[in-house]
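Shown next, in structure tokens, is the structure this report addresses.
Where a number appears in this text, it was derived from the coordinates with a stated rule and is not lab data. Note that the structure is predicted; figures quoted are calculated from it, not measured. Cβ sites come from the backbone with ideal geometry, for glycine too, and all protein chains shown count toward neighbours.
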Amino acid sequence: MTATIRVERDGPIATVVLDRPEKLNALTRAMWGQLGETIDALSADDALRCIVLRGAGERAFSPGNDIGEFATERSDKAQAAAYGKVMHRTIASLARCRHPLVAQIHGICVGGGMEIAALCDLRICGEGSRFGAPIKNLGLVMAYAEMEPLVRLVGPAVALEMLLEGRVFDAAEALAKGLVTRVVPDADVAAEARATALRVAEGAPLVARWHKKFARRLGQGTPLSDDERDECFDCFDTEDFRIGYAAFLAKRKPAFVGR
Amino acid sequence: MTATIRVERDGPIATVVLDRPEKLNALTRAMWGQLGETIDALSADDALRCIVLRGAGERAFSPGNDIGEFATERSDKAQAAAYGKVMHRTIASLARCRHPLVAQIHGICVGGGMEIAALCDLRICGEGSRFGAPIKNLGLVMAYAEMEPLVRLVGPAVALEMLLEGRVFDAAEALAKGLVTRVVPDADVAAEARATALRVAEGAPLVARWHKKFARRLGQGTPLSDDERDECFDCFDTEDFRIGYAAFLAKRKPAFVGR
Amino acid sequence: MTATIRVERDGPIATVVLDRPEKLNALTRAMWGQLGETIDALSADDALRCIVLRGAGERAFSPGNDIGEFATERSDKAQAAAYGKVMHRTIASLARCRHPLVAQIHGICVGGGMEIAALCDLRICGEGSRFGAPIKNLGLVMAYAEMEPLVRLVGPAVALEMLLEGRVFDAAEALAKGLVTRVVPDADVAAEARATALRVAEGAPLVARWHKKFARRLGQGTPLSDDERDECFDCFDTEDFRIGYAAFLAKRKPAFVGR
């Protein structure tokens, strides 16, 4: 099996590349599986502080699932359920990833590609990027597992608008809809994604993990226990708090150690 | 009883008209009741693919409940509760309508009128449209049944801002608040609402119903069963998936049959 | 102990001032405690209709918790938990305050200051205001009690963006993020906050309290009882409904009495 998910490592920042540029990074079942395994492995790595997720090349993040595979992998309900299990396991991996995820979006970001971007914590795209989920034209339904993160990101009304109309829209509309964090000129996407990853990675890494954990927990909507409520105070006994506090007093940048 | 809710039918698209132009389509208790019955009947019609909801004329969608009726229909708590039952039954009908609802908003869209629009899935308005819920000036409270869809649409902070300040505001602010989907020049409202309804109606109708169902279900916030999670795969056994897939490969528009 | 929370009273409108201008109104443990007690007392006062919350001077609402206190009050987990109890009790007081709260924001509104503003119902700021929560640079975590209102206001994605990147950003971005209600020229902040408070105070006060109660209740996400659903009809038996209805018919401004 050819590797279609590539990982580049630069100190505490890993870049995960959807690497199938000849097909604009259209997602195969194998890619979904590899993406999930890759994210699980990176999530477990305590030396990491931020993951950038991008497509190979600058024409597309991803246009979604490769329709060429439908004849053999998604031709009926049983096949689709098997394919769906792989996709949804990867969605769960992205959702529970301990490290902040930055989507670096060049060009097309549609369907399953947009779903992956929606599962990242920050989304940087170019002015020429395009978004949408036109699956109503294929007669296909977005699964609960895929719709839930989209609804969490843009709200139920915008998610439903996207699905009912099936329009593909531009970056300015994506920003207005809350679907992306920030739009920059196309030539600046890589630099801004890098700057964003550095901003994240310069912060205390345990703090980033706590904030991700807390945001996820609040999304469950169930009552918090007293122990959960008190977890926020654990940071005051970390080495990184000493470092951050000393750096603040000395008016210099802190160099956190992740302990 | 005069019919004040009128239905026009154009193939798979029905247009429901709040039809009391001499009062800018102010809502009576009878109109609320007829609107609910109308929506229930249309919701049950499998031949339909989209419902457009509008006021008669181009001066108003609706300014809300007719205050002329207050003396006889809402003069105290007991009467108001009886009136409220009718309103809230209709709100429930709109909320569970199986077909996508497009609000075509000309001019004033305030109070109960805005509540009806907020229950639609897509809201197209003109630059001259105006919105708000100034009931604090009447000493009146928005019921939970009415506030819930508004909060779902614009969030609790914007909903409360609208109720506490009671301002009537313009279309640009409504768009920024997420209260409308799209603003167009006043002269283009009908055409854009029609184009929107066509975009919806051209999609696979079962898919639209599934997406509405899923969005509603996610709004309940309770855990999904495995059977519910697997419902998304049913579409792969529909005739419309074969049609959509074949049309995609042939690069032509699909002509869905709703099976 | 010096009073650092000051209350000014102007009829039905109270102004609560974070009053430590020599430190840009940086919050001490004592201030958090006094703020909570002040809000509890004002909340119980039936003669009140609106509370404006502001910092002393026009340079800052508040830059957050005074880091000068960290050495003695928040140097480890045990101290931080004791400090946190005070903060979180005040957060609960702000969240359950019966009267509408308007934040009048001049200049810096960061960290704990931004958290207080996020707990107000309406946020008026100037074009030069600045916002953010850069605590990741200190190695500190935002508690669930503080994050929950922020997530409710701006959604989980924007809240997490703020915490992971730690950027301090301007008023235009705060508006786009839904973090503030309205941005006006810096010289107009006091006048617009005042006008907002008057708009609120001119409405029926019981109605404002009901709307706040209902919004809070809907935020809990649990099913409503029939009695709760019927509470909206109580207003029809109030004196203020008679007053509002008569004023509407006479086309004059109502003078509500709060009964």
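Overview of results
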read-out: Bridge type composition, the stretch A:5-201 - antiparallel percent by DSSP, nearest 5; value: 25 percent
read-out: Diffusion constant of the stretch B:204-249 at 20 °C, which comes from Stokes-Einstein with the Kirkwood Cα-pair radius and 1.002 mPa s, µm²/s; value: 181 µm²/s
read-out: Cα-Cα pairs of the stretch B:5-201 separated by more than 21 Å (percent); value: 47 percent
read-out: Spacing of the two label points (7 Å from each Cα toward its C-beta) at C:R217 and C:A250, in nm; value: 3.2 nm
read-out: DSSP-defined antiparallel bridges as percent of all bridges, the protein assembly as shown, nearest 5; value: 25 percent
read-out: Selection of trypsin sites (Lys or Arg not before Pro), the stretch A:195-258, meeting DSSP coil and at most 11 other Cβ within 10 Å; value: A:K251, A:R252
read-out: Size of the stretch A:133-197 as Cα extents on the principal axes (Å, biggest first); value: 38, 20, 18
read-out: Inter-part distance where the stretch A:51-100 and the stretch B:26-51 are each reduced to a Cα centre, Å; value: 40 Å
read-out: Summed side-chain charge close to C:A193 - residues other than C:A193 whose Cβ falls under 14 Å, Lys, Arg +1, Asp, Glu -1; value: -4
read-out: Relative contact order for the stretch A:182-259, counting Cα pairs under 8 Å that sit 6 or more residues apart, in percent; value: 35 percent
read-out: Selected from C:T28, C:T90, C:T222 as most flexible by GNM, with chain C as the system and alpha-carbon contacts under 10 Å; value: C:T222
read-out: Formal net charge of residues neighbouring A:I124 (Cβ-Cβ distance under 12 Å; K, R +1; D, E -1); value: -2
read-out: Average partner coverage of B:76-82, which counts Cβ from other chains inside 10 Å; value: 5
read-out: Computed Rg/Rh of the protein assembly as shown, alpha carbon atoms with Kirkwood Rh; value: 0.97
read-out: Amide H contacts under 5 Å for C:L27, placed H, 5+ residues apart; value: C:G64, C:N65, C:D66
read-out: Contact order relative to length of chain A, as percent, for alpha carbon pairs under 8 angstrom and 6 or more apart; value: 16 percent
read-out: Counting all C-alpha pairs of the stretch C:112-230, share separated by more than 26 Å (%); value: 32 percent
read-out: Relative contact order of the stretch B:6-143, defined on C-alpha pairs under 8 angstrom at six or more residues apart (%); value: 25 percent
read-out: Loop-located GluC sites (Glu not before Pro) in the stretch A:121-175, at most 10 other Cβ atoms within 10 Å (DSSP); value: none
read-out: Dipole of chain C, positive direction: furthest Cα of C:L42, C:I243, C:I135, with charges on the beta-carbon; value: C:I243
read-out: A:R182 long-range amide H proximity, modeled H, under 5 Å; value: A:R123, A:C125
read-out: Fluctuation leader among A:L101, A:L164, A:L249 - chain A, Gaussian network, Cα springs under 10 angstrom; value: A:L249
read-out: In Hz, Karplus ³J(HN,Hα) per residue of the stretch A:118-134 (6.51, -1.76, 1.60; θ = phi - 60°; x = Gly, Pro); value: 5, 8, 6, 8, 9, 10, 9, 9, x, 4, x, 5, 9, 10, x, 8, x
read-out: Length added when fully stretched, C:D188-C:R59, from 0.36 nm per residue minus Cα-Cα; value: 45.0 nm
read-out: Distance (nanometres) between label positions extended 7 Å along Cα→Cβ at A:A71 and C:R6; value: 8.0 nm
read-out: R0 of 45 Å, Cβ-Cβ distance B:D170-A:L224: FRET efficiency to nearest 0.05; value: 0.65
